[in-house]
Every structure is written in structure tokens, then in C-alpha cells.
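Chemist: Just dropping this structure here.
None of the figures in this text is laboratory data; all of them are computed from the coordinates on show. A quick note: this is a predicted structure, and the numbers were derived from the prediction, not measured. Backbone-built Cβ (ideal geometry, glycine too); neighbour counts: all protein chains shown.
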């Protein structure tokens, strides 16, 4: 416990690097399973790197993974993108269409 009765929170960071030799569907299923495992191990948070317009990243919008994980996790598990949105209106449009 930290001073004041708060405990330190632990999380994971997923880089989401593309692996050309692994089918994309398999890569996403592995990512979902990895985050489910971190929840079972007692981690508090999961963070995701966003890669826009790059060949090495397979996750241009963490909202889709966050939505998929919301159906698969059991407790209040904080799932967040690694960076604040650069374009708030774009984020609002995405969320409005969910």
C-alpha cells in the first residue's frame, strides 16, 4: 500500500507490432487472450500503442480492441489507448457510431 491507503496499480503495454508471418486474425486473437491472462494474473490496466499510417503496427484504433475486451473481461479492468486522442472530433464520431 502506498501512503494514504492507495495501492500501486500495475498494467501491461501492448505494442501491437505486425508479424507478417502470422495471420492477422490469429494476431488479434492472441492479443485478446494475452489481455485476458493479464486480468487473471491481477493486473489493473491494459494500454495499447496506436500506429497510424505505418507498416509495422496493426492497431490504428484501440477502440475496436477495447470494445472486444469489454465483452471478455470479468471485472472493472481499465483498458485505455496509450495516447490521448489528437483529433477529439474523430474520436467523438467513432464513439457516436458504436
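Chemist: Quote the FRET efficiency, to the nearest 0.05, computed for residue 49 versus residue 74 with a Förster distance R0 of 35 Å and r equal to the Cβ-Cβ distance.
Modeler: That gives a FRET efficiency of 0.90.
Chemist: Could I ask something else about it? For residue 29 and residue 15 in the same chain, what is the full-extension length gain: residue separation times 0.36 nm, less their Cα-Cα distance, in nm?
Modeler: On the way: separation 14, 0.36 × 14 = 5.04 nm, distance 1.48 nm.
Residue separation times 0.36 nm, minus the Cα-Cα distance, leaves 3.6 nm.
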